[in-house]
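Here's the structure, in structure tokens; my notes come after.
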Amino acid sequence: MDFQHILIRQENRVGYLTLNRPEVLNSFNEQMHREIAAILDLWAVSTEIKAIVISGSGKGFCAGQDLRARNKEVISAADYDAGAALEKFYNPLVVKISNMAKPVVAAVNGVAAGAGANLALACDIVVAKQSATFIQSFCKVGLIPDAGGTWNLPHLVGLARAKGLTMFGDKLSAQKALSWGLIWEVYEDDAFDQSVIELAERLAEQPSSSISLIKKALNTASQNTLAEQLQLERELQRIAGQSGNYKEGVAAFIEKRKANFT
């Protein structure tokens, strides 16, 4: 596929995907959706990629849906179906990230609004620039949070804060997002790019078999009872224990050296 709206590069076993529509704060259109899906599918099965980073070009991470591209359709349609785009593009993207065995990092370099904010929250690790902001802007245009927002927000920050964020649509600073447990880390603006690279390369050095099983266990936990989760831990631990990475990790510990994981 000829990519028009994303930039990609691979370095040190990390795949970097940059949303590249800076003139509209990297807001989504159909072509960008298709390109994101295509590269994620490719990297999901690549033996050369162990971690993925999603970021935005210019001043924004992603401003959500490009409303200008949708304006004529919304105005002219008597029964406009706002759920169709979710079924076709947004929901499959969120599921793709969740089901992917490899860790996905959202590197929020600027404003993350609407579905752009929830794209970030769908990722496994979310880091942000000090100057970045998160905005659940849906109520400003008469919609509800989508792209997994109504699922992720209550689980991450609790129901009270989730309702406040989504019913007012106010900006949330990166620092407050960190203090609320919405994201993993905040980096100073001038250190952001290098900090993201270092974090991603640390992930790529981890045992891929272990990371994928950890992701599966944690993503499943909210759907299980304690008894069910304990059984899942047992089954996944059996798989982990039979991997070459476990053998390498134990050997490295005993030999007091750095493990060389696959």
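Okay, here's what the table says:
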item: Which numbered condition Gln10 misses (of (1) in contact with a strand residue (DSSP E or B) (Cβ under 7 Å, 6 or more places away or on another chain); (2) part of a strand (DSSP E or B)); result: (1)
item: Residue within the range 189-199 that is under 30 Å from Gln130 (Cβ atoms), exposed (fewer than 13 other Cβ atoms within 10 Å of the Cβ) and among the hydrophobic types (A, V, I, L, M, F, W, C) present; result: yes
item: Wholly within the range 93-176, strands (runs of 3 or more DSSP E) carrying at least 2 residues that are out of contact with any Leu (no Cβ under 8 Å at 6 or more places or on another chain); result: 104-108, 171-173
item: Tally of residues being part of a helix (DSSP H, G or I), modelled with pLDDT of 95 or more and touching a Leu at 6+ places or on another chain (Cβ under 9 Å) across the range 59-92; result: 1
item: Matching residues, the range 36-58, being touching a strand residue (DSSP E or B) at 6+ places or on another chain (Cβ under 9 Å), outside any helix (DSSP H, G or I) and of a type in the set (A, V, I, L, M, F, W, C); result: Ile49, Ala51, Ile52, Val53, Ile54
item: Of the criteria (1) over 30 Å from Gln136 (Cα atoms); (2) in the same structural domain as Gln10 (by TED's automatic domain parsing); (3) hydrophobic (A, V, I, L, M, F, W, C), which one Leu213 fails; result: (2)
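The values are calculated or read from the model by the stated rules, or taken from the named source; none is laboratory data. Not measured: the values here are computed from a predicted model. Please note: Cβ atoms are built from the backbone with ideal geometry, for glycine as well, and neighbour counts cover all protein chains shown.
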